[in-house]
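The values are calculated or read from the model by the stated rules, or taken from the named source; none is laboratory data. Fair warning: this is a prediction, and the values are worked out from it, not measured in the lab. Don't worry about glycine lacking a Cβ; one is built from the backbone with ideal geometry, like all the others, and counts go over all protein chains shown.
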2 protein chains.
Amino acid sequence: MDSMTTAPAFPPPDRAATALVALDWGTSSLRAFAMSADGRVLEQRDSAHGILNLPAPGGIAGFERAFAEACGDWLARRPGLPVVAGGMVGSAQGWKEAPYVATPADTATLATRAAAVTTAEGVRILIAPGVLHDPADGVPDVMRGEEIQIAGALVRAPRALRRSRLVLPGTHSKWVEVVDGRIVRFATFMTGELFAILRRHSILGRLMPEAAAPEPDAAAAAFAAGLRAADGRVLAHDLFAVRTLGLMRRLSGDVLEDYLSGLLIGHELAGARALGAAEPDVPVVLIGEGRLSRRYAEALRLTGIPVTAELGNTAPDGLFRFAVAAGLVDEPQGRQQETIDVRPA
Amino acid sequence: MDSMTTAPAFPPPDRAATALVALDWGTSSLRAFAMSADGRVLEQRDSAHGILNLPAPGGIAGFERAFAEACGDWLARRPGLPVVAGGMVGSAQGWKEAPYVATPADTATLATRAAAVTTAEGVRILIAPGVLHDPADGVPDVMRGEEIQIAGALVRAPRALRRSRLVLPGTHSKWVEVVDGRIVRFATFMTGELFAILRRHSILGRLMPEAAAPEPDAAAAAFAAGLRAADGRVLAHDLFAVRTLGLMRRLSGDVLEDYLSGLLIGHELAGARALGAAEPDVPVVLIGEGRLSRRYAEALRLTGIPVTAELGNTAPDGLFRFAVAAGLVDEPQGRQQETIDVRPA
């Protein structure tokens, strides 16, 4: 049989042509995705050149250089490829500011209000704006980057998530309500950043070994104890228990970090309930990766909030959807079916 | 008239004999007081040699050297002077550990359970223990240093404060209930440390100028706004408003620090109410110095908690009282009258 005639009718994924370059460009990292016309990630490049860690000389030239290093060869091979970006690259400290759009906001809103830069080589990059929630009776809240993750979740399960509550754990966790495919309200919790600075810069870190390797059951028990201790929502007081429980040797230094994690995530869950962003028995969808996401899943389970789906990194899907909404790539055929499994609550 | 015969019947304060050396020895500073037999401070020396900043070579030799530098000459002039110390010098990281005593605890308890060290020169130093509150239905809480401040407040107003609520603002603020002259319960809030690490190490500090010089009315208004925003006790969420209010230019960078301060102190007050440590219309006595104490006085006033007295640094009085209780100095004559003004609530 002639090998030429046995070539598959469709090229395998690793040989499909790149149709879009998508950049997830945050504070501390830049992730570049080469995507096919049907929205698959063909190649991913991770760089440490977040907007606060640009290569010399920084500034506009730093953005240009980080971009060229991450994906200049993709564009050299296929000049004219559309490029989209989301995240802090669109902030006031970013390459070009894409001012926040107000809730309610969907992917079409993001596309309409995007900013654009053109590199010295003439490559145009469309940058997604962040989202502002500014209730008349409260203080404003903002997201930048999460709206892309949410767009990605919605494209993967458009029907199931058309009306849903999403939780995005992270440095600044977001609790988001989506109605008719639009972000209608959300609340930020500085849980991840509090954990990091308390661990590293406060007295609470002093009793924690640099590289704790607790026995898994002990770590899980300390996490659950922290979670329970958060119920009264007196955080500045509850935190001191991380020290006293260590001093009194009721918790070993090895698991103090788990107790602190449980305490902070517990405060987030109790706070979300207080704000009406979470309710017992009202299911949520979790968007996130790795250990942190698993901790949230466990915390939600322990506090009686059903998790109907745990999604990983949905940023590439969201950036692709943003590019479709902006008319830079065509709507792929056959993408309307649900591609993630959302369990009934 | 012969000048010799006109000498006062009692020596003036600056020439009175030193009867006690009292050390307020904390994490970041050492304050040494030469005190008279009637409990007055004759001389004060401030050193940066807190227990975490000892002179070389550190360890026991570091403690000896810091002590000799601060008050070796006092002891050289009057060998055999009694010496007492309170604060972190009695912690596990201190010169010698004076283990916590459990509530209820008064000055006599501190004296009974004190630890002692003797220097290479043969000087004996009596070190006060800290206090542990360990309720059966909660987590343990500890203080070390504040029990001396409280003893000092009680000696200055023994009748008025015999049954009272005391607030000691600081890195780790304490809300203390005293009954029959004893500390019966207390709660710690990490307010001051949270402020410091959020200001210095979190994203919230980024919008704050290094040396803010706000217009006083604007600063007061921002402080009051932060205080009000704390009512719902969702700290990790409320904190993010420091950023968003700055980003949206609803607060100028100059006053963001005041808003953060109001928010954290407001959370402390709301938390103290939630724990039953504070109640509307139940008066408190404030023990502290300077700007922080004034902020708490203002916060308590704005939230309807009467302040019946604002005491300054009561540590020297407390250390003197500790020395009396330990039998190192005699009870001064005529010290039973109230020496501070406690206003009726």
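In the set B:P140, B:P104, B:P158, B:P99, which member is at pLDDT 95 or above and either touching a helix residue (DSSP H, G or I) at 6+ places or on another chain (Cβ under 8 Å) or not assigned by TED's automatic domain parsing to the domain that holds B:L54 (or both)?
Details: B:P104 fails: either touching a helix residue (DSSP H, G or I) at 6+ places or on another chain (Cβ under 8 Å) or not assigned by TED's automatic domain parsing to the domain that holds B:L54 (or both); B:P158 fails: at pLDDT 95 or above; B:P99 fails: either touching a helix residue (DSSP H, G or I) at 6+ places or on another chain (Cβ under 8 Å) or not assigned by TED's automatic domain parsing to the domain that holds B:L54 (or both).
Testing whether each residue is at pLDDT 95 or above and either touching a helix residue (DSSP H, G or I) at 6+ places or on another chain (Cβ under 8 Å) or not assigned by TED's automatic domain parsing to the domain that holds B:L54 (or both) leaves just B:P140.
Across the stretch A:33-54, the qualifying residues are those that are without any contact (Cβ under 8 Å) to a residue 40 or more places away in the chain and surrounded by 17 or more Cβ atoms within 10 Å (Cβ to Cβ), and the one among them that is farthest from A:A19 (Cα to Cα) is A:L54.
I'm trying to understand the selection: among the residues of the stretch A:270-292, which are within 14 Å of chain B (Cβ to nearest Cβ) and on the phi > 0 side of the Ramachandran plot? Walk me through it before giving the result.
Just the residues of the stretch A:270-292 that are within 14 Å of chain B (Cβ to nearest Cβ), to begin with: A:270-278.
Of everything in the stretch A:270-292, just one residue is within 14 Å of chain B (Cβ to nearest Cβ) and on the phi > 0 side of the Ramachandran plot, namely A:G276.
Selection of first residues in the stretch A:146-172 that are in contact (Cβ under 8 Å) with a residue 24 or more places away in the chain and closer than 24 Å to A:E298 by Cα and of second residues that are aliphatic (A, V, I, L, M) and in a helix (DSSP H, G or I), restricted to Cβ pairs under 7 Å at least 6 apart or on distinct chains, gives the following pairs, ordered by first then second residue: A:Q149/A:A315; A:G152/A:A315; A:L161/A:A153; A:L161/A:L154; A:L166/A:I150; A:L166/A:A153; A:P169/A:L292.
Which ones in the stretch A:189-208 are more than 24 Å from A:L311 (Cβ to Cβ), assigned to a helix (DSSP H, G or I) and of a type in the set (A, V, I, L, M)? Full working, then the answer.
Of the stretch A:189-208, the ones more than 24 Å from A:L311 (Cβ to Cβ) are A:194, A:197-208.
In the following step, the residues that additionally are assigned to a helix (DSSP H, G or I) were identified as A:194, A:197-201, A:203-207.
Those that are more than 24 Å from A:L311 (Cβ to Cβ), assigned to a helix (DSSP H, G or I) and of a type in the set (A, V, I, L, M): A:L194, A:I197, A:L198, A:I203, A:L204, A:L207.
Evaluation of A:W95 against the conditions (1) within 14 Å of chain B (Cβ to nearest Cβ); (2) in a loop (DSSP other than H, G, I, E, B); (3) touching a strand residue (DSSP E or B) at 6+ places or on another chain (Cβ under 7 Å) shows that the sole unmet condition is (1).
Residues in the stretch B:123-146 that are more than 11 Å from B:P99 (Cα to Cα) and either in contact with an Asp or Glu (Cβ under 7 Å, 6 or more places away or on another chain) or not aliphatic (A, V, I, L, M) (or both): B:R124, B:H133, B:D134, B:P135, B:D137, B:G138, B:P140, B:D141, B:G145, B:E146. Of all residues in the stretch A:243-258, those that are within 10 Å of chain B (Cβ to nearest Cβ), free of Cβ contacts under 8 Å to residues at least 40 places away in the same chain and part of a helix (DSSP H, G or I) total 2.
Going through (1) closer than 27 Å to A:V155 by Cα; (2) modelled with pLDDT of 95 or more; (3) within 14 Å of chain B (Cβ to nearest Cβ) one by one, A:R295 falls short only on (3).
Say whether the condition of being of a type outside the set (S, T, N, Q), closer than 26 Å to B:G205 by Cα and crowded, with 21+ Cβ neighbours inside 10 Å is met by at least one residue in the stretch A:146-164.
Within the stretch A:146-164, the subset of a type outside the set (S, T, N, Q) is A:146-148, A:150-163.
Pick out the ones that are also closer than 26 Å to B:G205 by Cα and you get A:146-147.
Cutting the leftovers down to crowded, with 21+ Cβ neighbours inside 10 Å gives us A:146-147.
For the stretch A:146-164, residues of a type outside the set (S, T, N, Q), closer than 26 Å to B:G205 by Cα and crowded, with 21+ Cβ neighbours inside 10 Å: present.
Looking only at residues in the stretch B:298-309 that are assigned to a helix (DSSP H, G or I) and touching a residue at least 12 places away in the same chain (Cβ under 8 Å), the one that is farthest from B:A153 (Cα to Cα) is B:L302.
Within the option set B:A229, B:A241, B:A278, being surrounded by fewer than 24 Cβ atoms within 10 Å (Cβ to Cβ), hydrophobic (A, V, I, L, M, F, W, C) and within 28 Å of A:T171 (Cα to Cα) holds for one residue only, B:A229.
Of all the listed residues (A:A225, A:A211), the sole one being within 28 Å of the chain's Cα centre (by Cα) and in a loop (DSSP other than H, G, I, E, B) is A:A211.
On inspection, B:D217 passes the criterion of being acidic (D, E), more than 13 Å from chain A (Cβ to nearest Cβ) and within 17 Å of B:A299 (Cα to Cα).
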